[in-house]
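The values are calculated or read from the model by the stated rules, or taken from the named source; none is laboratory data. Note that the coordinates shown come from a computational prediction; the quantities given were computed from them, not determined experimentally. Quick reminder, even Gly has a Cβ in these numbers, built from the backbone with ideal geometry, and neighbours come from all protein chains shown.
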Amino acid sequence: MKKIDVIGMPMKYGCYVEGADLAFSYMKDSYKNIFNSNIYEVDNSFYNPIIHKNDNKIKYIEPVMEINKRLYDIEFKSLSDGNLPIMVGGDHSSAIGSISACLDYYKGDVSVIWIDAHTDIHNEKTSPSGNIHGMPLSVCIGRCDQRFDIGSYKLDPSNLFYIGIRSFEIEEINYVHENNITCYMDFQVIERKINNIVKEIIKNIKTKYVHISFDLDCIREDEFNAVNVCVNNEYVDGVGLSIKTVKKALNMLITNLNVCSMDIVEYNPLLDVDNKCKKKYEEILLEIKNSLE
Ligand SMILES: [Mn+2]
């Protein structure tokens, strides 16, 4: 078993929800105890971050990219050391740094399995909110403008696999369909059972290495609601995945694929009443740890 490097990424600029950056310090002891690993923390300080008044589409681009470049360096070093980096967010814009480092280290020979309620594949032209945590996959694919430049190798969209999607805009789903991206919605996972879905993904992976990016908001709201952006609202009718399903997915993916790195993102401790979600988060971490052994 590889040595694990837990890399804390206290990032909030991708969504700017109060508490988005606090997950790492709040969960630090759990990461330490469960993974028994090295713990790194990305410096999230940034001088006077401002929302761009003259570009109201994109928010906080400088701190998001600068802090992601710091993450990239730590992640790349971890891979060079022969370790398994697990980046813990923070919001999902942090996947820009972790995935770009992986792509560069393995010269593009990487598939990404994106377990999330959201497709996160907006670019600066289509994003309705301007929040970069809805754009990380477009940055990794290289379909954003030069302000988002990071790393050399880009993600081939045919190497992207979605699990658990239930919230997206039309521009995103059009891009997904036009580029043959494999996308399993939450209801498809429920109908067809997670083991069949994961088997299909395993069969179709063409790359040597696999990165798993896991957003806790893929879980159904009644089981896990301490996330930066709650998905069930008047526009979204989706149910979400159960914790049992998520654990099964992670276990099957980790034990059957060459997983080189992972992200776990979007937990928000300020929304966690009585630490209910923290306990469930720890159970998921334990499942990951046991699957890696
Ligand atoms: Mn999400």
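In region 120-144, the qualifying residues are those that are of a type in the set (Val, Ile, Thr) and crowded, with 24+ Cβ neighbours inside 10 Å, and the one that is farthest from the ligand (Cβ to nearest atom) is Val139.
What are the residues in region 256-293 that are outside any helix (DSSP H, G or I) and surrounded by 15 or more Cβ atoms within 10 Å (Cβ to Cβ), if any? Correct list: Leu257, Val259, Cys260, Ser261, Met262, Asp263, Ile264, Val265, Glu266, Tyr267, Asn268, Asp272. Of the residues making up region 148-169, those that are modelled with pLDDT of 95 or more, under 25 Å from Ile58 (Cβ atoms) and either among the polar types (S, T, N, Q) or surrounded by fewer than 17 Cβ atoms within 10 Å (Cβ to Cβ) (or both) number 3. Filtered by the rule that a residue be away from the ligand (no atom under 16 Å from the Cβ) and without any contact (Cβ under 8 Å) to a residue 60 or more places away in the chain, region 150-168 gives Ser152, Tyr153, Lys154, Leu155, Asp156, Pro157, Ser158, Asn159. When each of Asn204, Asn290, Asn256, Asn251 is tested for being more than 14 Å from the ligand (Cβ to nearest atom), over 30 Å from Tyr153 (Cβ atoms) and of a type in the set (S, T, N, Q), the lone residue that passes is Asn290.
For region 22-43, the tally of residues that are at pLDDT below 95 and part of a loop (DSSP other than H, G, I, E, B) stands at 2.
Does Val229 satisfy the condition of being within 16 Å of the chain's Cα centre (by Cα), closer than 25 Å to Val17 by Cα and within 16 Å of the ligand (Cβ to nearest atom)? Here the answer is yes, as Val229 does meet what is asked.
For (1) within 16 Å of the ligand (Cβ to nearest atom); (2) within 25 Å of Cys183 (Cβ to Cβ); (3) among the small types (Gly, Ala, Ser), each residue gets a yes or a no:
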{"position": "Lys59", "(1), (2), (3)": "no, no, no"}
{"position": "Glu75", "(1), (2), (3)": "no, no, no"}
{"position": "Ser80", "(1), (2), (3)": "no, no, yes"}
{"position": "Leu84", "(1), (2), (3)": "no, no, no"}
{"position": "Ser98", "(1), (2), (3)": "yes, yes, yes"}
{"position": "Cys102", "(1), (2), (3)": "no, yes, no"}
{"position": "Val112", "(1), (2), (3)": "yes, yes, no"}
{"position": "Ile115", "(1), (2), (3)": "yes, yes, no"}
{"position": "His118", "(1), (2), (3)": "yes, yes, no"}
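Let's see how each residue does on (1) aliphatic (A, V, I, L, M); (2) modelled with pLDDT under 95:
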residue	(1), (2)
His52	no, yes
Cys102	no, no
Tyr105	no, no
Ala117	yes, no
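If you check Tyr209 against the conditions, is it modelled with pLDDT of 95 or more, surrounded by 17 or more Cβ atoms within 10 Å (Cβ to Cβ) and farther than 16 Å from Gly89 by Cβ? Judged against the criteria, Tyr209 is a match.
For Tyr106, are the conditions met, namely being touching a strand residue (DSSP E or B) at 6+ places or on another chain (Cβ under 7 Å), under 28 Å from Asn251 (Cβ atoms) and within 16 Å of the ligand (Cβ to nearest atom)? Taking the combined requirement at face value, the residue does not satisfy it.
Could you please find all residues in region 74-109 being β-branched (Val, Ile, Thr) and without any contact (Cβ under 8 Å) to a residue 60 or more places away in the chain? Within region 74-109, just Ile96 meets the criteria.
With the requirement that a residue be within 22 Å of Leu285 (Cβ to Cβ) and either of a type outside the set (Gly, Ala, Ser) or surrounded by fewer than 20 Cβ atoms within 10 Å (Cβ to Cβ) (or both), what does region 83-98 give you? Residues satisfying the conditions are Asn83, Leu84, Pro85, Ile86, Met87, Val88, Asp91, His92.
Reported count of residues in region 170-184, each being touching a strand residue (DSSP E or B) at 6+ places or on another chain (Cβ under 8 Å) and either modelled with pLDDT under 95 or farther than 25 Å from His133 by Cβ (or both), is 0.
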